[in-house]
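Following: one structure in structure tokens, then a few remarks.
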Amino acid sequence: MQRRIPGFLMQSPLNEAAVVPAALSAFLRGVERRGALFAELQCGDRDAGDTALAAALRAFRNHAGALAMAEWPRRFWSLLVAAPPLRQASALAHWPPGLQSLAPLGSGARRALLLRLVAGLPEDEAALVLGLEVAAYQQALADACPRDADGHPDALAWRSLAEAIQQQLRDLPPERLAMAELMPTTWAP
């Protein structure tokens, strides 16, 4: 549908009913893998993480049509970050080889680091997702940064952590992603 404004020919908004389902499916396919790993690494428990992801996916799907598509990434990550199972490490927490350095981090520092290394959000977007000022987000990220024996940021350890996370993303089985959508949830955002 086109609307006429003197001097301009405008297309209908992108959130038209016919466009949203295809765009939504593409968006969810794009964030599901990162969301699954983020949730697992945030709480240290695959099952609890998958439950949180399933709830966030459902909640997001229910409200996405009312949002501008540009708002989708922030809304999705905000829903996932707010999931109760991800507020603290699970009682069954376990981190994969190469990622054990996430275990001693506080939940806030781990969340800040994972929004950067798993979700791939720039600092300003990650700060908005967490409801923080950029400086506060940067401090949380600095708190999560691996340190050497002298307490200085360890660039090599940071790269190793980032590479281990990328390997985990590549190794995530497709069947697990399909299962996340089917999982029952015990909370609603």
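Solvent-accessible area per residue for segment 26-83 at a 1.4 Å probe radius, Å²?
Details: 2050 Å² over 58 residues.
Accessible area per residue: 35 Å².
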About its Cα centre, how strong a charge dipole does segment 14-119 have in debye, to the nearest 20, once Lys and Arg get +1 and Asp and Glu get -1 at the Cβ? 180 debye
Taking the solvent-accessible surface of protein heavy atoms with a 1.4 Å probe, what is the per residue accessible area of segment 88-161 in Å²? 53 Å²
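The values are calculated or read from the model by the stated rules, or taken from the named source; none is laboratory data. It should be emphasised that the depicted structure is a prediction, and the values quoted were computed from it without experimental measurement. Using ideal geometry, Cβ is built from the backbone for each residue, glycine included, and neighbour counts are taken over all protein chains shown. These accessible areas exclude ligands, DNA and RNA; they are computed on the full protein's heavy atoms, side chains included. Shrake-Rupley method; radii C 1.70, N 1.55, O 1.52, S 1.80 Å.
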